[in-house]
Every structure is written in C-alpha cells, then in structure tokens.
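Data block below; observations after.
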C-alpha cells in the first residue's frame, strides 16, 4: 500500500528567508542579480525592497518535496512565480509550504504544492511527481 | 528586443559543466537541504540559467529587466558528483504581451549520450 492517497493533505513546513540566505543562494547558484541583495538598487528599479530569487523560493519548496521520498525520487517539479517574496533588512520572512496528493499510480505520486508568505501565495501551479519506492 | 531569428533554434553548449560534490554540497547548504548525496531537484538551474543568460544577452535581450515567470524540471535520473553535463538550449518561443517580452527556453542536459534532465524557463522582460 502506498502511504499516499488522492486528496490527502501533507503537513506544512515553514522555511526562513532572510538577506544572509539570499547571499548564500546567489553564491551557490551564480545568480548575482543585485535586486536580490542591494536594497538601493532594488528600489531604483521600482521594487518595494530586496526580493528573493524566485528559484530560491522554489528550491525551498523543492526541499519540501525532497523530504517526502528523497531528492533522488523527484521526477518532475514545476512552479509559476506569481508574487515576489519581499525580504526587508534584519527580517526573517517565513515561507509556509504544504502539499496535497493529486494522483497516485503504482510507481508515482503527483503532489500539488502550496507556498505562502503570510497570506500571499507566492508560487502558482506548483506540482511535483515523485517516484514511490 | 530579442533577435527573432533565434526563435526555434537550438544552441548546443560548448563546454561540459563538471558536477562536483563540492558544488552539490554548496547548493544543498545554501537551501538548507540535509541530504548531500544527490543534487536537489532545482540544482541544474545554476547551469541552465547561466547558459540562457549568455545566449539571450548575445541575442539582444536586456537581462537587467528579466524576471522569472515559471520553471519546470523533468529529471530522468538523479544528478551526482562526476556527471559532466552539456547544456543545449532551444528558444521555444518569444512574444510580446502588454509590452512585456516573454521568452521560453528549453534546456536539455546530457551526460555523454544520456539525457539526464530537461527544464523549461519562461523569462519575462519587464517593459
């Protein structure tokens, strides 16, 4: 029996996003766009403040997916970046990720992923397909 | 504006990206992933987005105004240290909606003859 059933809600996990983590992600990913690090620059291009890399937010949602059956089990993962995650200085912004089982086959489960900062949905159409062992 | 002649074309990557344990560990550490054995599902963005940036800048796109619209990964097998990944990029579409230029790029990552992962990025150049 699979541990997943269609319609099942998966427990949420909260992840932290802050300026130091954005610098770490910029270095690890190679995406050094200053809108993710430099407040004055971000504001100069019309943003409210520094924003997280969309791919950092997606990577945290990816951690949630990896925690289900391991990174090696992730076959597909997709998301739309619907709202930026604004990261003020000296602030830990909380990202809450949860999941719901959409489909289960003998070998795979398809999971819908939700990602919110407070009441703002930051990822849309987020889905993952994981292999079941 | 992006040169429209590149839409539909595939650009084979020239240089293989050597996946090291160090780079997997660095990426895992940056996102807080505790398991370092295989690359996390979004790891390959560090290869594909860098390739796309170089290609699109060369083709006239203003990278400083780019935001990421959406992203999809298909992972055929886990990526591990020792892989040498060649990224080929295909500009699948480019269109203008409400003054914003929207470009879709497909990236295929091969280790030798083996297709290891494919990804799709939609990039939006803000007007």
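Every number here is computed from the coordinates shown, using simple stated rules; none is lab data. All figures in this text were calculated on a predicted structure; none of them were measured in a lab. Neighbour counts are summed over all protein chains in view; Cβ atoms, including those assigned to glycine, are modelled from backbone coordinates with ideal geometry.
For the stretch A:79-130, what are Rg and Dmax over the alpha carbons, in angstrom?
Values for the stretch A:79-130 (Cα only, Rg and Dmax): 13.6, 47 Å.
Roughly how crowded by other chains is peptide A:71-84, in terms of the mean Cβ count from those chains within 10 Å of each of its Cβ atoms? Don't skip to the answer; put the middle values down first.
Working: counts 15, 10, 4, 7, 6, 6, 9, 7, 6, 6, 7, 2, 0, 1.
For this peptide, the per-residue mean of nearby foreign Cβ atoms is 6.
Which residue, B:89, B:23, B:52, has the most motion in a Gaussian network model of chain B that connects Cα atoms within less than 10 Å?
Among B:89, B:23, B:52, the largest mean-square fluctuation in the Gaussian network model of chain B belongs to B:23.
Which of A:20, A:28, A:73 moves the most in a Gaussian network model of chain A with Cα springs under 10 Å?
So, out of A:20, A:28, A:73, the one fluctuating most is A:28.
Per residue of B:73-83, count partner chain C-beta atoms within 10 Å of its C-beta, then hand back the mean as an integer.
Taking the mean over all residues of the peptide, I get 3.
7 Å from Cα along Cα→Cβ at both residue B:14 and residue B:54: what's the point-to-point distance in nm?
0.7
Only bridges whose two residues both fall in the stretch B:4-125 count here: according to DSSP, what percent of them are antiparallel, nearest 5?
Approximately 100 percent, going by the DSSP bridge assignments.
Sort largest first and round to whole Å: the equivalent ellipsoid semi-axes of the protein assembly as shown, each the square root of five times a Cα gyration tensor eigenvalue.
27, 24, 18
Have a look at B:47, B:31, B:86 and tell me which one the Gaussian network model of chain B (Cα, springs below 10 Å) gives the largest fluctuation.
Sorting by GNM fluctuation, first place goes to B:31.
If each DSSP helix of 4+ residues adds -39,500 (n - 2.57) and the sum is divided by the residues in chain A, what number results at 222 nm, nearest 500 deg cm²/dmol?
Mean residue ellipticity at 222 nm (helix-derived): -7500 deg cm²/dmol.
Per-residue mean of other chain beta-carbon atoms within 10 angstrom of the beta-carbon, peptide A:6-12?
0
Helix A:54-69 sits at what angle to the longest principal axis of chain A, using alpha carbons and giving 0 to 90 degrees rounded to 10?
On a 0 to 90 degree scale, this one is about 30.
Working from the pairwise distances between different alpha carbons, so that the mean of 1/r is found and then inverted, what is the stretch A:14-79's Kirkwood radius in Å?
On the way: mean 1/r = 0.0768 Å⁻¹.
Mean inverse Cα-Cα distance, inverted, gives 13.0 Å.
Have a look at chain A and give its Rg and Dmax from the Cα atoms, expressed in angstrom.
For chain A, the Cα-based Rg and Dmax read 16.0, 55 Å.
According to the Cα gyration tensor, what semi-axes, each the square root of 5 times an eigenvalue, does the equivalent ellipsoid of the stretch B:4-125 have, listed from largest to smallest in whole Å?
For the stretch B:4-125, the ellipsoid semi-axes come out as 27, 16, 12 Å.
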